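Okay, so here's the structure we're looking at.
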Amino acid sequence: MREVLAERIADLLAEARAEGRNALSELEGLRIARALGIRTPRHVAVEDEEDVAAVDLDAFEGTQLVLKVVSHTLLHKSDV
């Protein structure tokens, strides 16, 4: 189990390095956290209007949602 986990994390890091990045996106960080057994907020990644239309908002608890931009070139909202 540990070897599989270490391999998954190493693959994510290698992919980022191969793309010339020295940081992971939030989604990649969340994948690592989940792989380590850390609970993460429910989230859905969408890329276009069709993806947005397909999201089942009833699957989320509460009445508020957070919208974030995820980009390998924008590491923080202050970079926008």
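The values are calculated or read from the model by the stated rules, or taken from the named source; none is laboratory data. Note that the coordinates shown come from a computational prediction; the quantities given were computed from them, not determined experimentally. Virtual Cβ from ideal backbone geometry, glycine too; neighbours counted across all protein chains shown. The protein model used for the area step is the full one, side chains on, heavy atoms only, and it has no ligands, DNA or RNA in it. Shrake-Rupley method; radii C 1.70, N 1.55, O 1.52, S 1.80 Å.
The table for this structure:
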{"item": "Residues (among the charged types (D, E, K, R) and under 25 Å from Val4 (Cβ atoms)) located in segment 28-80", "result": "Glu28, Arg31, Arg34, Arg39, Arg42"}
{"item": "So Thr40, is it among the hydroxyl-bearing types (Ser, Thr, Tyr) and either modelled with pLDDT under 85 or in contact with a His (Cβ under 6 Å, 6 or more places away or on another chain) (or both)", "result": "no"}
{"item": "Qualifying residues in segment 19-37 (those that are open to solvent by less than 90 Å² (accessible area, probe 1.4 Å), without any contact (Cβ under 8 Å) to a residue 24 or more places away in the chain and over 11 Å from the mean Cα position of the chain (by Cα)) - the one farthest from His76 (Cα to Cα)", "result": "Gly37"}
{"item": "Matching option when the condition is among the aliphatic types (A, V, I, L, M), open to solvent by less than 100 Å² (accessible area, probe 1.4 Å) and outside any loop (DSSP other than H, G, I, E, B), among Val4, Val44", "result": "Val4"}
{"item": "Segment 48-80: number of residues that are under 24 Å from Arg8 (Cα atoms) and open to solvent by 100 Å² or more (accessible area, probe 1.4 Å)", "result": "2"}
{"item": "Segment 39-66 residues that are in contact (Cβ under 8 Å) with a residue 12 or more places away in the chain, paired with ones that are in a helix (DSSP H, G or I) (beta carbon under 6 Å, 6 or more apart)", "result": "Ala45/Leu27"}
